[in-house]
Amino acid sequence: MMPGKMTVRPVLQRAAFASTLGAVGFFLNLYPIPLFANLQLILGNMVILLCASRLGLPWVLWTAALAVTGLHLTWDVSIAYLIFGLEAVCLALLRKRGWYLLYADIVYWIFFGMPITAIAIFQWVDLPQEYGWFTIWKQGFNGVLYSAFASLLLMGIPKGWLKRIRQQPVLVRTFRQKQVHAMVALLSVTLMVMLLAHNRQLMATQKVMHYAQLSAVGKGAARQLEDYLERHKGALMLAGRWFSHSGEDAQADLAALHRSYPGFASLFITDSEGQVLGASPPRRLAAYRSINVSAWPDFKAVMATSKPYLSDVIRDRVFGRAPIVTVSAPRFSEAGEVVGTVEGALDLSALNQQLAQQLPFEWVLQDKTGRIVVASASLGLAPLSRPGWSTLRPVELGDPSLIRLESAFGTFTDYLRHQRELESGWTLNLVVPYLPLVKQAESQFGVGTAVMVVALLLAVALAAHQSRYLTLPLEVLAKDVEQPEAERRPLRRLPQGSAREILQLQKQMAIHRSALWAHQDELEAQVMARTEELAEANRKLAILASRDGLTGAYNRRYFVENFESIRQWCIRGDHALLMVMLDIDHFKQVNDTYGHLVGDECLQRLVALMQAQFGRHNDLLSRFGGEEFVLLLPGLGERDARNLLATLVSTVAEQPMATTSTGQPLTITVSLGAVLAPASFSPTLADWLSEADRCLYRAKQEGRNRMIFKSLTPSLTRS
Ligand SMILES: Nc1nc2c(ncn2[C@@H]2O[C@H](COP(=O)(O)OP(=O)(O)OP(=O)(O)O)[C@@H](O)[C@H]2O)c(=O)[nH]1
């Protein structure tokens, strides 16, 4: 493989991994899960954690950028890049330091994520203040939820997965830490999802209930409003026919009509030219008389159609600029021709008061053009204007019943709205504030979170406690294993309630230990036996190394090695040292005549004889050559030495040293040369040997079977 390829391929794999995760996050974030109002659950950011579990900071940032772009397209909030980008940085760095991602994300949201969201929401996002805190908190909640989701996912992924591209360290944890982490992740996901689902359900139920109430109340109120308008239209229609007979007595007739229909703020009648003939209250007559209404749309409509007419909300055209709604009807002559109009301006404040008494909710009544006819005072909406309401994203019910209303003071409030169109083309809107519902959800969330925190703490404590059933006995077992071999103590008792697997393990350990000890004992016994055998063999070897195999006398090497120590012993004790060289006479003949086995027997018996005679502590008998021996006898006086050696020569000559093949006892003779000298005579063995050898030579020369003794000690007479 090319050296370059080794480095390039993991980079490409990392890029592919991070980009794939980013793409998944991008698509998930395009479809956030709606909760209520404008709150949504985002799960696409899970990919940031998945990436951070394997790769380093640059790749995690790349994945985050892709995922957040999906969110940006949905929310159109650029600050998301900052909030989630910082989350990515925090996750990648803390993971590198060996943190669990779940804990890292919780820390991030508490210390950075939620504070930054708070600043962002209050500074830049157009959201009703009441939702603000809740949204911030919800964002943190969301963050923890997707990190718990991701952590659960990661637990299921084999540790060796993507080993080649891994940049983050493998986390090595105690069993207890693993247990607690798994418990926290699982409980977080379970409790949070339950809380969210329950919360959403509650909000939906509340909304359905409110909406049903609004709908029921709206239906009745709409009918009453229609009756009201019809009654007033009908009254003017009747008046139109009636007034056609009364002619100039219009003032009196109008006053009577007005008394019967106090819902009119004012009434007047006109002729066919638009001139006002009479008005109620009478004080308004002068003003009406001064104008001509022929150009007014309501006058024209009635004259053209001969039918009653209900105007939209308009400004009073005679008295000030107050909003009014007019009802007009044609006035007929006896012949049935339209001779003018009867017109009334509805008293809108009276209508509003009437609605206030009837309705348990707030309301907005709009005319055909959408302008406000009347509205509850608390909404702060000006009549004649168009209500500035926008429909919020339909969430739970899938209908546009949730609206945001801008009051005349510029404040925004969210409402649930029920709309009902009247026959006249007007619309009655009944609204109920949404905030109490949100507050209810908030308080439920508060309680839910508190329960969750308590549950988590209990779970952590429980996990830690439960793990003791495994870790404590394991520690005990570990101590047993650490225990020095020699001590051979029985296994420690395991704590109460230890896991069954551990008990089994200990049982097996005990069995193996006994077997091991038995085996050890056996081995030790074997080693001891072997050591003993070895020592014995060594002893034998030492003997073999120092002694002559045939006779058992020391060999020449042993003699040479020990000569000096015996000489020194003599020097220390001021003893004389006797060196004797002994040779069997005509041994060749013995061999030749009786065979080597007989010769061997002679050698053995001769040695046994000498060993018996010279067996003191420091006496040293050595076989120097074939039938040649050297005796080193320290601490002997000349007389003793002479006697002993003479006895040796005579004993050898007298005692049979072997038995021939014919069963005849065989005797041999020996010649020996002896030198008795102070130990200090010479430190060189060769000097001693040559002295003794010379004597031996003489003995042989002088006829064999004899001893030549030479004394070099001054007090002794020379032989
Ligand atoms: N059986 C037997 N014979 C041995 C052994 N070692 C040496 N000899 C024999 O000892 C004989 C020594 O002979 P020589 O050196 O000629 O001396 P000798 O016959 O004893 O004559 P003198 O020493 O002059 O009396 C030889 O024949 C050797 O083969 C042994 O271990 N066993």
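The values are calculated or read from the model by the stated rules, or taken from the named source; none is laboratory data. Because the structure is predicted, anything quoted here is derived from the model rather than measured. Here Cβ is always computed from backbone atoms with ideal geometry, including for glycine, and neighbour counts include all displayed protein chains.
So is Thr669 more than 26 Å from Glu561 (Cα to Cα), away from the ligand (no atom under 16 Å from the Cβ) and touching a residue at least 40 places away in the same chain (Cβ under 8 Å) or not? When the stated conditions are applied, Thr669 does not pass them. Any idea which of (1) part of a loop (DSSP other than H, G, I, E, B); (2) in contact (Cβ under 8 Å) with a residue 60 or more places away in the chain is the one Gly320 doesn't satisfy? Result: Gly320 fails condition (2) only. Would you mind stating whether Gly240 is of a type in the set (Gly, Ala, Ser) and either at pLDDT 90 or above or touching a Leu at 6+ places or on another chain (Cβ under 9 Å) (or both)? Here the answer is no, as Gly240 does not meet what is asked. Tallying residues that are away from the ligand (no atom under 11 Å from the Cβ) and outside any helix (DSSP H, G or I) within segment 625-638 yields 9.
Yes/no matrix, rows are residues, columns are (1) out of contact with any helix residue (DSSP H, G or I) (no Cβ under 9 Å at 6 or more places or on another chain); (2) assigned to a loop (DSSP other than H, G, I, E, B); (3) surrounded by 15 or more Cβ atoms within 10 Å (Cβ to Cβ):
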{"site": "Leu236", "(1), (2), (3)": "no, no, yes"}
{"site": "Ala239", "(1), (2), (3)": "no, no, yes"}
{"site": "Trp242", "(1), (2), (3)": "no, no, yes"}
{"site": "His258", "(1), (2), (3)": "yes, no, yes"}
{"site": "Glu273", "(1), (2), (3)": "yes, yes, no"}
{"site": "Gly278", "(1), (2), (3)": "no, no, yes"}
{"site": "Ala286", "(1), (2), (3)": "yes, no, no"}
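Among the criteria (1) in contact (Cβ under 8 Å) with a residue 12 or more places away in the chain; (2) not in a helix (DSSP H, G or I), the one Gln496 does not fulfil is (1). Scanning segment 69-106 for residues that are β-branched (Val, Ile, Thr) and more than 17 Å from Leu145 (Cα to Cα) returns Thr69, Thr74, Val77, Ile79, Val89. Which residue, of Thr651, Thr684, Thr647, Thr713, is among the polar types (S, T, N, Q), touching a residue at least 12 places away in the same chain (Cβ under 8 Å), farther than 24 Å from Gly599 by Cα and away from the ligand (no atom under 16 Å from the Cβ)? None of the others qualify; the one that does is Thr713.
Per the listing Leu397, Leu462, the residue uniquely under 30 Å from Leu145 (Cβ atoms), modelled with pLDDT under 85 and aliphatic (A, V, I, L, M) is Leu397.
Quick one: would you say Leu577 is more than 16 Å from the ligand (Cβ to nearest atom) and aliphatic (A, V, I, L, M)? Considered against the rule, which asks whether it is more than 16 Å from the ligand (Cβ to nearest atom) and aliphatic (A, V, I, L, M), Leu577 comes out as yes.
Conditions (1) assigned by TED's automatic domain parsing to the domain that holds Arg694; (2) surrounded by 11 or more Cβ atoms within 10 Å (Cβ to Cβ); (3) within 60 Å of the chain's Cα centre (by Cα), marked per residue:
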position: Ala499; (1), (2), (3): no, yes, yes
position: Glu522; (1), (2), (3): no, no, yes
position: Ala525; (1), (2), (3): no, no, yes
position: Met528; (1), (2), (3): no, no, yes
position: Arg557; (1), (2), (3): yes, yes, no
position: Ala576; (1), (2), (3): yes, yes, no
position: Leu582; (1), (2), (3): yes, yes, no
position: Gly595; (1), (2), (3): yes, yes, no
position: Val598; (1), (2), (3): yes, yes, no
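Ala204 meets each of the listed conditions (1) within 30 Å of Ala461 (Cα to Cα); (2) small (Gly, Ala, Ser); (3) exposed (fewer than 15 other Cβ atoms within 10 Å of the Cβ) apart from (1). Taking each residue of segment 106-135 that is part of a helix (DSSP H, G or I) and at pLDDT 80 or above and looking for partners that are surrounded by 13 or more Cβ atoms within 10 Å (Cβ to Cβ) and among the acidic types (Asp, Glu) with beta-carbon atoms closer than 6 Å, six or more apart or interchain, yields Tyr108/Glu87.
Let's see how each residue does on (1) closer than 18 Å to Thr651 by Cβ; (2) more than 11 Å from the ligand (Cβ to nearest atom):
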| residue | (1), (2) |
| --- | --- |
| Asp548 | no, no |
| Arg557 | no, yes |
| Arg572 | no, yes |
| Asp583 | yes, no |
| Gln589 | no, no |
| Asp600 | no, no |
| Ala608 | yes, yes |
| Ser622 | no, yes |
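The single condition from (1) farther than 20 Å from Tyr103 by Cβ; (2) part of a helix (DSSP H, G or I) that Asn429 fails is (2).
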